[in-house]
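Before any comments, here is the structure.
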């Protein structure tokens, strides 16, 4: 691993540590009583900064320059993997106990998609960009940036749809007058009028007009979008500081499983599909596999906080996968080098 990538990883840990220190010293207030500071920061990211990032990425996308084979080789298996992890989590999830109130049922219903998101969404910017730039230069970075442009659009939207379906199903079980039509309309409305889906749709509509974003608007969106990464890293530290040690320990077993899925299973699946399914070789194959091998991204926490479920587990998975990545990325680079020698 290059010194540049190591420094980036160290910078991530230092930013998380700063958030932890802020939480321990209660610079932002107490977690109990009034608005939880961690939840306030999470809501700020999810309702302001992430929509700006998604709208700008969609509005500025140029389909003619996209490496579509590489994109399909990554997002095809990644989407199938999300559905598989989600299905297993749904199957393993115990049924809601009798007497559960609506809020408890919704938290239970939100867990499968939340775990699936943490197991698929990688840290493509803070870790992925410097790694690919150091190893492959501008040619590799061009492919990686194309993957980044669709990363949140595809995976965040897919998991949002899954979780909104489950929430609609949970609500229907608590409504005596619920009907299939009401459930469907509620699901569609909540999935579309959503801080993830709506900016993507609006950005796509703007893109279809062929107009460039006005300069001040583009600069505003770029500035807001640039705040997502540091805010989420600080939020991870604050969440760790506000979460008691016993809760983190209970979450660690599940988080370790998520880490193994993210660092080992997803890249293996993408490697097989890209190499022998889509016929990718050389630079494109290496970039898509390394994209899949990235540690869990900080968006996993704000996704969990959006639905008020598994925050400690998502936080722990981010930290564990980032630590484990130091070892696993070396292994994946060795596998790719071996495949390169074989041709």
Return the only residue of 154, 82, 120 being at pLDDT 85 or above, crowded, with 17+ Cβ neighbours inside 10 Å and outside any helix (DSSP H, G or I).
120
Being at pLDDT below 80, within 27 Å of residue 115 (Cβ to Cβ) and either crowded, with 17+ Cβ neighbours inside 10 Å or more than 24 Å from the chain's Cα centre (by Cα) (or both) narrows 160, 183 down to just 183
If I ask for residues that are part of a loop (DSSP other than H, G, I, E, B) and over 30 Å from residue 310 (Cβ atoms), which ones from region 212-244 would you list?
212, 213, 214
Take the conditions under 27 Å from residue 263 (Cα atoms), buried (at least 19 other Cβ atoms within 10 Å of the Cβ) and either modelled with pLDDT under 85 or more than 16 Å from the chain's Cα centre (by Cα) (or both) and apply them to residue 200. Does it pass?
no
So if I check each of 294, 266, 290, 285, which one is within 20 Å of residue 144 (Cα to Cα) and assigned to a loop (DSSP other than H, G, I, E, B)?
294
If I filter region 44-64 down to residues being without any contact (Cβ under 8 Å) to a residue 12 or more places away in the chain and outside any loop (DSSP other than H, G, I, E, B), which single residue comes out as surrounded by the fewest Cβ atoms within 10 Å (Cβ to Cβ)?
64
Quick check, is residue 73 over 14 Å from the mean Cα position of the chain (by Cα) and buried (at least 19 other Cβ atoms within 10 Å of the Cβ)?
yes
Filtering region 126-150 down to residues that are in contact (Cβ under 8 Å) with a residue 40 or more places away in the chain and either crowded, with 21+ Cβ neighbours inside 10 Å or on the phi > 0 side of the Ramachandran plot (or both) yields 126, 127, 128, 131, 132, 143, 144, 147
Provide a single number: the residues in region 294-332 that are without any contact (Cβ under 8 Å) to a residue 40 or more places away in the chain and over 18 Å from residue 10 (Cα atoms).
1
In region 1-27, the residues that are assigned to a loop (DSSP other than H, G, I, E, B) and either surrounded by 18 or more Cβ atoms within 10 Å (Cβ to Cβ) or modelled with pLDDT under 80 (or both)
1, 2
From the list 322, 315, which one is modelled with pLDDT under 90, touching a strand residue (DSSP E or B) at 6+ places or on another chain (Cβ under 9 Å) and part of a helix (DSSP H, G or I)?
322
Within region 213-249, residues in contact with a helix residue (DSSP H, G or I) (Cβ under 8 Å, 6 or more places away or on another chain) and farther than 22 Å from residue 48 by Cβ come out as 240, 241, 243, 247, 248
So which residues in region 269-282 are in a helix (DSSP H, G or I) and buried (at least 16 other Cβ atoms within 10 Å of the Cβ)?
269, 270, 271, 273, 274, 275
Return a yes/no flag: does region 65-76 have any residue that is part of a helix (DSSP H, G or I) and at pLDDT below 80.
yes
Every residue from region 222-250 that is crowded, with 18+ Cβ neighbours inside 10 Å and without any contact (Cβ under 8 Å) to a residue 12 or more places away in the chain:
none
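The values are calculated or read from the model by the stated rules, or taken from the named source; none is laboratory data. Computed from a prediction, not measured in an experiment: that's the story for all the values here. Positions of Cβ are generated from backbone atoms using ideal geometry, with glycine treated the same way; all protein chains shown enter the neighbour counts.
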